[in-house]
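One structure is given here, and the rest of the page talks about it.
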Amino acid sequence: MTGQAPTPVQMERQRQRARRYTRPGFLIQLALLACLVAGPMLMPSFRVMDLVAKIMIFAVAVASFDIILGYTGIISFAHGMFFGLGAYSVALICHYSQPVQYHHLLLAGLLAALISAVVAVVISALSLRVKAIFFAMVTLAVAEFCHILGYQWSSLTKGEDGVSFKLPGVFNADWSGGSLWGTQINGRLLVYYLILVVAVLLFVGLVRFVRSPVGRVLKAIRDNEQRATALGYRVFRYRVLSTVFGSLVSSLCGALFAMWLSYVNPDTVLGTPLMLNILLMVIIGGLGTVYGGILGAAFIKIAETWLPDLQKLALSLWPKVEFMQRLAERWILLFGILYILSVLFFPKGVVGTLRDRAEVRRLRRLGRP
Amino acid sequence: MDVLNLAHGAFFAWGAYAGFAVLNALNGLGWVETGTLGQGILSVLLALLAALAIGGVLGLFLERVIIQRVYGDHLKQILITMGASMVLAEVIKVLWSPNNQTVLVPLSFTGSYDVMDVVINKFRVVAIVVGLAVYAGVMAVMQKTKLGIIIRAGVENREVVQTLGYNINRIFTGVFMAGAALAAVGGSMWGIFREQITPAMGDENLIFALIVVIIGGMGSVTGSFLGACMVGLAFNYVAYLVPKLALGANILIMVIILLIKPWGLMGREQ
Amino acid sequence: MDLSVTATPLMETKDLCVRFGGHTAVDRVNLVVEPFTLKSIIGPNGAGKTTLFNLISGQYRPSGGGIFFKGQDITALDPPGRTALGIGRSFQLTNIFPSLTVLENVRLALQSREKIGLNFWRHYGSLSHLEDQAYHFLEMVLMAPRWAVPASTLTHGEQRKLEIAILLALEPELLLLDEPTAGMSLEEVPAILELIRQIKATGQRTILLVEHKFDMIMALSDSIAVLKEGRLICDDTPRAVAANPVVQEAYLGGGVKNA
Ligand SMILES: Nc1ncnc2c1ncn2[C@@H]1O[C@H](COP(=O)(O)OP(=O)(O)OP(=O)(O)O)[C@@H](O)[C@H]1O
Ligand SMILES: [Mg+2]
């Protein structure tokens with residue numbers, strides 16, 4: 001290639017490399033990261049920190065779901081279950097090991113990863129060979145089974161009451177390490193930073209996954225399965241790989257979630273509402289975008305913290321009308337309607353719609369020579 | 001008909017609640033808990049009829065407003081019927097209550113027969129008879145009538161059937177309604193049988209329905225029938241031995257069947 | 001052993017059959033393809049040409065008979081396995097990745113050839129050499145200026161060319177071309193034929209070509225096979241096939257399609 005004029009492909013690549021660190025997307029990510037790091041120092045409110053920690057965890061969980069649903073085009077109703085498997089791994093190990101130590105956390109993380117990988121391989125190897133619909137049905141059945149197991153295996157999981165536990169050493173909620181620049185350093189804060197670090201690493205991993213050769217093939221498979229097969233790609237393997245990867249990340253998110261709450265019960269980490277929340281978040285953020293997970297999680301989690309206010313409003317507006325109050329209590333109903341409307345009329349979500357705009361601009365630049 | 005409807009469980013629950021409402025209303029007339037055999041039969045029939053109607057109406061609504069927009073797109077079908085199922089269950093909670101309700105059962109249907117020392121719950125007999133009748137009916141329609149042929153052909157290729165002059169949209173709406181209505185009837189029978197209903201009963205039974213269909217193979221009524229028998233037998237047998245593992249046993253059966261026949265017992269490849 | 005290798009054909013079908021319901025679409029076909037030759041397959045519509053390709057590339061399972069590639073029995077091998085062995089095909093009905101860019105379409109073929117598909121830790125950017133190669137293949141089919149657009153926005157003729165570029169990027173030993181010029185405008189056809197001629201001229205590739213334009217494949221082909229109602233009725237040099245009365249009757253009787 002020496003001595004030759006660069007091809008348009010090479011020129012475009014150079015252009016992209018040059019603007020790598022000045023792209024708006026990159027700058028936004030940097031700013032977001034800075035906010036997450038500095039947040040607890042600047043705004044020492046537990047309510048905000050709680051919200052942000054949950055948003056981070058769910059952003060990653062939703063992004064990992066997007067790998068399966070948006071990139072691979074298969075629907076897994078077991079994503080919430082994997083989340084729960086991770087959460088229960090942490091909860092049970094921390095609960096049953098006395099005294100709890102740091103290596104128990106590591107062990108719990110490894111266990112979560114191992115269990116979810118094995119379960120995901122078994123489920124997908126069984127049902128992905130057949131048809132995407134089958135996979136949806138099998139995962140739904142298995143997830144519901146795990147939910148029931150959470151209730152009924154009470155000698156281990158303590159059933160409906162759930163498992164509460166203490167985290168080791170500096171992560172323990174009671175631990176306190178004085179203050180730094182006016183901010184209390186305590187166990188909660190350190191767990192927050194642990195979540196931040198792990199969530200960022202997982203998210204980078206997810207983004208990297210979709211940009212890797214595998215991510216590209218997944219897109220191709222979703223676009224035209226037959227052609228991908230004829231090109232020599234074994235579709236089944238790619239589907240299994242992506243399902244296992246997404247499920248594994250989900251279980252790690254569940255582990256983080258359990259650490260944040262120091263408590264798990266079947267309904268919060270294994271139940272259908274969790275799965276529906278993840279679905280809603282992924283749809284709102286935009287399927288097949290990964291970054292949409294952040295927006296979707298933020299939107300829903302923020303809305304959830306506002307909804308109790310809505311209830312109070314309903315209470316004060318119609319103090320006598322029992323029906324209205326029941327309606328306000330059932331805010332999942334509102335989410336459900338929002339969800340259906342988004343699937344029907346806003347299928348690309350926020351990030352997807354923005355990306356379409358960017359694509360139009362790109363084509364205007366490169367489309368017609 | 002190649003639509004994966006996860007709202008089926010919700011129809012089931014709606015049917016149960018409709019039946020429950022009717023029985024409650026009729027009890028006000030003194031028909032249910034104290035009435036004669038005739039009044040008892042009539043009130044159960046009315047309950048089932050109400051379930052049938054509500055299932056049909058909900059099915060019509062769902063098909064026309066939502067599902068028609070997503071024919072041919074399995075992913076969206078799954079996503080959207082999942083949402084619809086959640087909304088329907090929530091509406092139940094708004095209209096009735098989030099808690100369990102006790103269903104009033106007509107006097108004449110409580111108790112059991114004692115046939116040669118085997119105790120058979122009376123309503124169970126009714127349920128079996130109705131179930132067999134529905135199976136026979138569906139089989140007859142699908143295999144023997146022109147309508148059945150049109151439906152099966154329509155699933156394979158909409159356009160061709162359309163050009164033959166049949167309004168496939170309307171037929172599909174009808175099939176969907178029928179399915180919803182049958183689910184609702186099933187729900188109301190379940191409610192009377194169990195004497196208890198909850199808004200979540202749809203989800204719980206959807207799992208069984210899914211396992212049944214997976215085992216039986218999609219698109220095969222006989223397969224579903226076989227699947228249901230296996231699931232029911234296994235469930236009760238294991239429930240008798242180790243109650244907590246009953247559902248697990250069914251999942252295990254499903255896994256084994258998928259291993260041996262990935263398309264289900266009676267499912268056809270592709 | 002070494003001597004026998006030179007004697008084995010590149011690809012061979014033995015009594016190959018496939019039935020759909022009661023209809024036998026390919027009926028005991030014994031086709032022999034010698035290395036580094038170009039064989040054309042002709043036959044009336046519905047003769048089973050595409051079906052034969054689907055059998056060779058693995059899309060359909062045969063009801064009977066076997067397929068051999070370089071002496072190896074590949075009858076039970078799945079399509080990706082056959083692609084890995086060096087059998088690549090283009091489709092009669094355009095078959096591309098519509099929402100991916102033209103460049104990405106070709107790049108995916110290169111990625112498959114380099115067998116780095118199942119790698120998920122490597123960054124996409126480190127694959128830039130594949131992009132450069134893909135661009136080179138687009139230049140070969142005169143599609144380079146369109147590299148950045150989604151494939152769905154291409155005209156039909158352009159999509160056909162992209163299809164060929166994808167196939168070339170796989171660098172298969174055996175190219176199965178199913179009516180590469182179908183649906184193209186008349187001005188575009190010579191360029192494609194020239195491309196096929198060039199591929200053949202390199203002496204590196206073996207080509208199996210389905211084409212309806214009889215006069216044009218006459219000059220191009222080393223041999224021509226004639227299919228009719230699923231049966232191979234003749235397989236000979238172009239001259240001999242043209243003179244064959246059975247072929248004339250069958251082919252003209254079936255009606256020569258002119259795209
Ligand atoms: N999957 C299938 N199922 C049923 N029949 C099929 C299938 N594929 C092909 N056929 C039948 O096999 C016969 C051969 O079809 P094929 O497409 O191979 O013809 P062809 O020679 O490629 O024709 P053309 O010149 O139109 O491309 C046709 O009668 C077709 O209907
Ligand atoms: Mg053809």
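The values are calculated or read from the model by the stated rules, or taken from the named source; none is laboratory data. Note that the coordinates shown come from a computational prediction; the quantities given were computed from them, not determined experimentally. Positions of Cβ are generated from backbone atoms using ideal geometry, with glycine treated the same way; all protein chains shown enter the neighbour counts.
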Looking across the stretch C:154-187 at residues that are β-branched (V, I, T) and buried (at least 20 other Cβ atoms within 10 Å of the Cβ), the single one that is nearest to ligand 2 (Cβ to nearest atom) is C:T181
Fill in: Residue match in the stretch B:83-94 (condition: modelled with pLDDT under 85 and surrounded by fewer than 21 Cβ atoms within 10 Å (Cβ to Cβ))
yes
Picking from C:K49, C:K14, the residue that is near ligand 1 (Cβ under 8 Å from one of its atoms), more than 14 Å from chain A (Cβ to nearest Cβ) and under 28 Å from C:G203 (Cα atoms) would be C:K49
Matching residues in the stretch C:26-53 (away from ligand 2 (no atom under 15 Å from the Cβ) and basic (K, R)) number 2
Of those in the stretch C:54-83 that are under 15 Å from the mean Cα position of the chain (by Cα) and among the small types (G, A, S), the residue nearest to ligand 2 (Cβ to nearest atom) is C:S57
Would you confirm, using the coordinates I've provided, whether A:T243 is modelled with pLDDT of 90 or more, out of contact with any strand residue (DSSP E or B) (no Cβ under 7 Å at 6 or more places or on another chain) and crowded, with 24+ Cβ neighbours inside 10 Å? yes
Of B:G219, B:G202, B:G264, the only residue that is in a loop (DSSP other than H, G, I, E, B), at pLDDT 65 or above and within 13 Å of chain A (Cβ to nearest Cβ) is B:G264
Among helices (runs of 4 or more DSSP H) entirely within the stretch A:121-239, at least 1 residues that are within 10 Å of another protein chain (Cβ to nearest Cβ) and farther than 25 Å from A:A63 by Cα occur in A:132-152, A:154-157, A:225-230
Per the list (1) of a type in the set (A, V, I, L, M, F, W, C); (2) in contact (Cβ under 8 Å) with a residue 24 or more places away in the chain; (3) in a helix (DSSP H, G or I), residue check on C:A182 breaks on (3)
Checked against (1) within 13 Å of another protein chain (Cβ to nearest Cβ); (2) touching a residue at least 24 places away in the same chain (Cβ under 8 Å), B:R69 satisfies every condition except (2)
Reported set for the stretch C:52-67 where residues are near ligand 1 (Cβ under 9 Å from one of its atoms) and more than 14 Å from every other protein chain (Cβ to nearest Cβ) is C:L52
(Q) Checking the structure you have, find out if any residue of the stretch C:127-135 is modelled with pLDDT under 90, in a loop (DSSP other than H, G, I, E, B) and either surrounded by fewer than 18 Cβ atoms within 10 Å (Cβ to Cβ) or more than 16 Å from ligand 2 (Cβ to nearest atom) (or both). (A) no
If we keep only residues of the stretch C:193-221 that are of a type in the set (A, V, I, L, M, F, W, C) and within 16 Å of ligand 2 (Cβ to nearest atom), then the residue surrounded by the fewest Cβ atoms within 10 Å (Cβ to Cβ) is C:F214
Selection from the stretch C:160-188 of residues more than 16 Å from ligand 1 (Cβ to nearest atom) and away from every other protein chain (no Cβ under 12 Å) yields C:K161, C:I164, C:A165, C:L168, C:E173, C:L174, C:L175, C:S185, C:L186, C:E187, C:E188
When the stretch B:72-104 is checked residue by residue, the ones that are acidic (D, E) and either in a loop (DSSP other than H, G, I, E, B) or more than 7 Å from chain A (Cβ to nearest Cβ) (or both) are B:D73
